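One structure is given below, encoded as C-alpha cells.
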Amino acid sequence: MEKVCIMGLGYIGLPTASFLATKGFKVHAVDVRTDIVDTINKGKIHIYEPDLDILVKSAVNSGNLRASLEPEDADIFIIAVPTPFKDNHVPDVTYVEAASAAISPYLQPGSLVILESTSPVGTTEKVASIIQNLRPDLIVPRYQEMTNGNGYNKVFVAHCPERVLPGQILRELVENDRIIGGIDKESTIKATKFYQQFIHGKVYQTNSRTAEMAKLTENSFRDVNIAFANELSIICEKLSINVWELIELANRHPRVNILQPGPGVGGHCIAVDPWFIVHSVPEDARLIRTAREVNDGKPSYVVEKIKEKASRFKAPVIGCLGLTFKADIDDVRESPSIKIVRRLAEEKIGSLYVVEPHVTSLPQDLNGFENICLVDIKQTLKCSDLIVLLVDHKVFADIDQSILKEKVVIDTRGMWQ
C-alpha cells in the first residue's frame, strides 16, 4: 500500500496529504478548485496552519505529492471533503457522494477506501453502496456476497474520523489516538494497518456506525459543556456576578470542568456535528438540540448588548476584534464573530472597524457593507468609542490596558478580566 489518493484539500486533506508524502507515500491529491490545485503544485498553501507551508513545500519538492482535478489509480483512497448542513440543519453529504462516485472507476481488487469526513451515522455504508452500484464487478462487503473463497475482487471501506485541533493539526495528526470502523471486520483490519504505519497514537477498532457516532459524540459533549458556560454567562450578568471568576472557582472542585463562555460556537465541527445527531433521532436528542440552540442564540445576545452600549453615542465607531471562530487561526467557518458583525452592519449600528490579524480581506459574508472596514489594531484603538473583543487572539492580550480604560469595552472571551 504505497500510493494514496486524497479527495479534498482543505484543513484535513492537505495536512494529511503532505504529511503522508513526507513519510514516503506517493500521494495524488484532488480538489475541485483549479486555483487550489495550482497553488499546491507550486509548493504553496491556500490555508493557514502553523508549519503547514514548510511541510507542503517539502512534500511537493520530494516528488511524492502532486495535486490534480481528477483522481487516478491508487491503493488507498481517503475522502476528506466538507460535510456541511442545508437549511433546517439537514446534513449535506453530497460532497461525500460525489467523491465516492469520482473514485469508483479507479478502484481495483484490494483497494481501501477511507472516509475521514465527519459524517452522519450510516454515511460510510452509503459510500460502500455507491461503489457497489457503480462497480458491480467488485465485491463490497455487506452489499454483495463473496463469490469465491479467497475474496477475489473485494474492496474495503472504513471510517476513520479526523480528531485534530486547528492550530495543532500537524502534531495531533500523528499523536492522537484514532478510531477506525469498517463496514466489515476485514475493512477495519486493513485500515488499521494503514494508519499504524504513520501515527504514534493508539488505534481503537470498531464498526463504521460506532466510529461515526464517536466523532459526533465528542463534539456534542463539548457543545453541551460550552452551552452550559454560555448560559451561565447570561445568568451571571443579570445577577451582577463575574462569570470568569465564578467558573475559575467552580473548577477548583476535583470533578468539575466547566469550559469558557464566548460569543457563540463556530468551526466546522462543534457548531455542525451535533445537528447530525439531532437530525437522525429528533425526538430523543433533546439535550443536544437545546445546547445547539443556546450556543446559536449567543451571537444575538451579544448584538443586543453592543446595541445598548452603542446607543450612548450619536455616531458610534465600534471596534470589533477578531473574526475567526477561535484564537490564532485563519478559519472563519461558522464563526459567531462574523454573524455578530454582519448583524451590526445590517442594522447600521455605527461604523464598524474590524481587526483580524490572520486574514488579508473581509470574508465573503461581510462584503458589500459600506459601514465595515478592515483596519489595523492601532487605528481601531484610536478611533473607536466601543471595543468588542470577539476572539482571544494572543496579539490582543498585549493591548495597553490604559487605552481600554478610555473606551466602552465588551469582552466576550474574558481575556481582559
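Between rounded, prolate and oblate, where does the range 220-310 land on the alpha carbon gyration tensor, with a ≥ b ≥ c its root eigenvalues, rounded for a/c under 1.5, else prolate if a/b exceeds b/c? It comes out oblate by the Cα gyration axes. According to the calculation over all Cα-Cα pairs in the range 141-248, the P(r) per 10 Å bin from zero is 13, 29, 23, 17, 11, 5, 2, 0 %. Cross-link pairs exceeding 30 Å between alpha carbons, from the set Lys314/Lys339; Lys3/Lys339; Lys57/Lys126; Lys86/Lys314; Lys348/Lys378: Lys3/Lys339; Lys57/Lys126; Lys86/Lys314. Our estimate of slack between Trp416 and Leu287, defined as 0.36 nm per intervening residue step minus the Cα-Cα distance, is 43.2 nm.
Counting lysine pairs in the range 168-298 whose alpha carbons fall under 22 angstrom apart, excluding pairs fewer than 8 residues apart on the same chain, gives 9.
Within the chain, all pairs of alpha-carbon atoms sorted by distance into 10 Å bins from zero give the percentages 4, 20, 28, 24, 15, 7, 2, 0, 0.
The stretch between Ala98 and Lys202 holds 34.3 nm of extra length on full extension. This uses 0.36 nm per residue minus the Cα-Cα distance. Between Lys126 and Ala250, the contour length at 0.36 nm per residue exceeds the Cα-Cα span by 40.2 nm.
In the context of the full set of protein chains, the chain has a per residue accessible area of 46 Å² (1.4 Å probe). Ordering of 35-41, 334-340, 309-315 by packing is 334-340, 35-41, 309-315, highest average first (other Cβ atoms within 10 Å, averaged per residue).
Within the same chain, lysines fewer than 8 places from Lys382 are excluded, and of the rest, those with a Cα less than 17 Å from its Cα are Lys405, Lys407. Averaging the sequence gap over all C-alpha pairs within less than 8 Å and six or more residues apart, then dividing by the number of residues, gives the range 1-151 a relative contact order of 22 percent.
Efficiency by 1/(1 + (r/R0)^6): what FRET value for Asn257 and Lys42, r their Cβ-Cβ distance, R0 = 51 Å, to the nearest 0.05? E(calc), rounded to 0.05, equals 0.70.
At a 1.4 Å probe radius, carbon and sulfur cover how many percent of the accessible area of the chain?
51 percent
Sparsely packed loop sites in the range 341-397 (the chymotrypsin sites (Phe, Trp or Tyr not before Pro) outside DSSP H, G, I, E and B with at most 13 other Cβ atoms within 10 Å) do not occur. From the alpha carbon centroid of the range 331-364 to that of the range 59-120 is 32 Å.
The values are calculated or read from the model by the stated rules, or taken from the named source; none is laboratory data. Since this is a predicted model, take the numbers as computed values, not measurements. No Cβ is skipped: glycine too gets one built from the backbone with ideal geometry, and neighbour counts run over all protein chains shown. Note: accessible area is taken over every heavy atom of the protein model, side chains too, but ligands, DNA and RNA are not part of it. Shrake-Rupley method; radii C 1.70, N 1.55, O 1.52, S 1.80 Å.
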